[in-house]
1. What value, in deg cm²/dmol to 500, does the helix sum -39500 (n - 2.57) over DSSP H runs of n ≥ 4 give at 222 nm once divided by the residues of the chain?
2. Round to a whole number: what % of the accessible area of the chain belongs to carbon and sulfur, probe 1.4 Å?
3. Taking Cα centroids, how far is region 239-261 from region 277-344 in Å?
4. Whose amide H sits under 5 Å from the amide H of Glu61, counting only residues 5 or more places off or on another chain, with H placed in the peptide plane?
5. Using protein chains only and a probe of 1.4 angstrom, how many square angstrom of Glu163 are accessible, to the nearest 10?
6. Tell me whether region 4-192 comes out rounded, prolate or oblate; compute the Cα gyration tensor, take square roots of the eigenvalues as a ≥ b ≥ c, and use a/c under 1.5 as the rounded threshold.
7. Considering only the chain, what is the antiparallel percent among its DSSP beta bridges, to the nearest 5?
8. Please work out how much length the chain gains when fully extended from Val177 to Asp234, using 0.36 nm per residue of separation minus the C-alpha to C-alpha distance, in nm with one decimal.
Amino acid sequence: DAACKNRPLDLVFIIDSSRSVRPEEFEKVKIFLSEMIDTLDVGERTTRVAVMNYASTVKVEFPLRTYFDKTSMKEAVAHIEPLSAGTMTGLAIQTAMDEVFTEEMGTRPATFNIPRVVIVVTDGRPQDQVEDVAAGARTAGIEIYAVGVGRADMQSLRAMASEPLDEHVFYVETYGVIEKLTSKFRETFCAVNVCSLGTHDCEQVCVSHGASHLCDCYEGYTLNPDKRSCSAVDMCEPGRHKCDQICVSNNGSYTCECYEGYTLNPDKTTCSATDVCAPGKHDCAQVCLSNDGSYSCDCFEGYTLNPDKKTCSAVDMCTPGRHDCEQVCVRDDLFYTCDCYQGYTLNPDKKTCSKAVTSSLVTTDESCKCEAIAALQDSVTSRLEALSTK
């Protein structure tokens with residue numbers, strides 16, 4: 001039925017390329033993969049496909065997030081090379097859980113209700129404990145289909161496959177007829193519903209709900225009141241992000257940034273202060289003062305900060321109010337000394353002044369002579385006064 005499209009899936013093919021698979025048989029497997037891709041409704045919003053290749057080791061040829069068109073996907077399949085050696089099927093399924101079925105690798109969130117499906121193609125018996133690993137995968141919600149070819153061990157196929165086993169275990173005699181399984185898988189995955197036919201009106205995600213459907217949105221978007229279209233959520237609203245300082249909203253997601261003077265830590269959410277006063281990081285002429293991620297400039301003693309808040313000029317220490325000299329301030333480069341006016345002397349405190357005292361030191365002999373002269377002058381004066389009276 002041309003109108004029948006498969007339901008959206010996150011589908012992972014795990015193909016055995018051990019030594020038992022001959023080169024021409026491996027080419028048949030690749031043809032089977034290409035024809036399976038042709039039957040799928042491949043696309044970012046419909047079915048996403050990943051391919052894993054395994055033997056003793058496991059190689060993820062391409063994850064779910066790589067290709068969303070059939071041409072590119074089939075071209076990548078055509079270039080897959082066999083690995084040879086053992087058959088570590090359990091390791092392959094575990095790798096699918098750990099490295100492929102993750103949102104980082106393109107798996108859609110569980111809230112989208114997109115089935116997660118694995119198709120394992122093998123022709124041998126697993127050389128590891130596949131049963132426990134497969135059980136863990138099924139418990140995690142992964143649906144497993146097991147395809148056995150030729151010498152494949154049916155017990156192992158049944159141990160890894162999901163229930164009901166008759167719908168999840170397939171067997172073909174040779175790789176030459178594996179292509180006939182394509183129609184079986186097409187019937188299995190085909191779902192005639194509104195979501196798979198593309199006749200719905202959901203802008204982003206259609207969720208089948210019985211005979212009807214519901215619309216949903218991708219992570220980072222919210223459903224509008226019309227219940228079909230979506231709007232990007234402001235991921236920088238309080239409580240939505242984990243940024244330590246600055247949140248930058250970006251179309252349904254966000255990135256973190258830091259304030260000036262801080263750098264983003266490797267966790268991409270928290271910030272650490274940088275040493276803004278380290279040499280070469282600031283433009284202060286003399287002193288840089290760090291202040292919680294920013295800085296300010298200052299000057300050495302004897303200098304003052306200029307209006308540009310960066311450079312410094314020497315201070316005149318003898319301007320009024322800057323010194324403590326009582327009388328005279330004498331500037332000396334960035335410092336000063338005190339002095340006194342004429343007739344005053346500087347006190348021991350080197351700041352205040354006292355009036356100078358003039359004293360004459362007279363000897364005893366000179367004192368006696370002075371007294372004699374004074375007495376003689378008094379005698380002569382008395383006699384002159386007496387004569388003038390007469």
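The values are calculated or read from the model by the stated rules, or taken from the named source; none is laboratory data. The structure displayed is predicted, hence computed values, not measured ones. Note: ideal-geometry Cβ built from the backbone for every residue, glycine included; neighbour counts use all protein chains shown. Heavy atoms of the whole protein, side chains included, go into the accessibility calculation; ligands, DNA and RNA do not. Shrake-Rupley method; radii C 1.70, N 1.55, O 1.52, S 1.80 Å.
1. Details: 9 runs with 93 residues, N = 390.
Roughly -7000 deg cm²/dmol at 222 nm, from the helical runs in the chain.
2. Numbers: 11260 of 22570 Å².
Using a 1.4 Å probe with all protein chains present, the chain comes out at 50 percent carbon and sulfur.
3. So the two Cα centres are separated by 43 Å.
4. Amide H neighbours of Glu61: Val51, Met52, Asn53.
5. 140 Å²
6. Details: a/c = 1.33, a/b = 1.20, b/c = 1.11.
Note, shape of region 4-192 comes out rounded.
7. Working: 37 of 62 bridges.
Counting only bridges with both partners in the chain, antiparallel ones make up about 60 percent.
8. Numbers: separation 57, 0.36 × 57 = 20.52 nm, distance 5.34 nm.
Extending this stretch completely gives an extra 15.2 nm.
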